[in-house]
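The values are calculated or read from the model by the stated rules, or taken from the named source; none is laboratory data. The model shown is predicted, which means the values in this text are computed figures rather than measured ones. Heads up, the Cβs are rebuilt from the backbone with ideal geometry, glycines too, and the neighbour counts pull from every protein chain shown.
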Amino acid sequence: MVAAYRAAGFEPQVDVQAGGNTVWGNLARGRGVALINASLAEQLPPGLTLVDLAQPVELTYEAVWPRGERPLLDRSLRVAAGLAADAGWV
């Protein structure tokens, strides 16, 4: 995500301590920008608007799981792969 901000021409100041409500509040007061999933459009507080990116951004997700929970991980990966295939991402 930082690379996407840099490509847009600015250096982000990342607040790793901010929780979800803090992020929405800062955005609503004009104190920042955020890359969020389009699926959150229905949950945006009043005054915030989603703007499509000029170029798609590729994000990598990582997963962490407790030992012995491999069946849950395997199922999650199958579901994610199916959704990605349905969307034409892979």
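Details
- Listing of helices (runs of 4 or more DSSP H) fully contained in the chain that carry 1 or more residues being touching an Asp or Glu at 6+ places or on another chain (Cβ under 9 Å): 2-7, 20-28
- When VAL51, VAL33 are checked against the criterion of being out of contact with any strand residue (DSSP E or B) (no Cβ under 9 Å at 6 or more places or on another chain), under 22 Å from VAL2 (Cα atoms) and surrounded by 10 or more Cβ atoms within 10 Å (Cβ to Cβ), VAL33 stands alone in meeting it.
Residue by residue, here is whether (1) hydroxyl-bearing (Ser, Thr, Tyr); (2) at pLDDT below 75 holds:
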position: VAL51; (1), (2): no, no
position: VAL57; (1), (2): no, yes
position: THR60; (1), (2): yes, no
position: ALA85; (1), (2): no, no
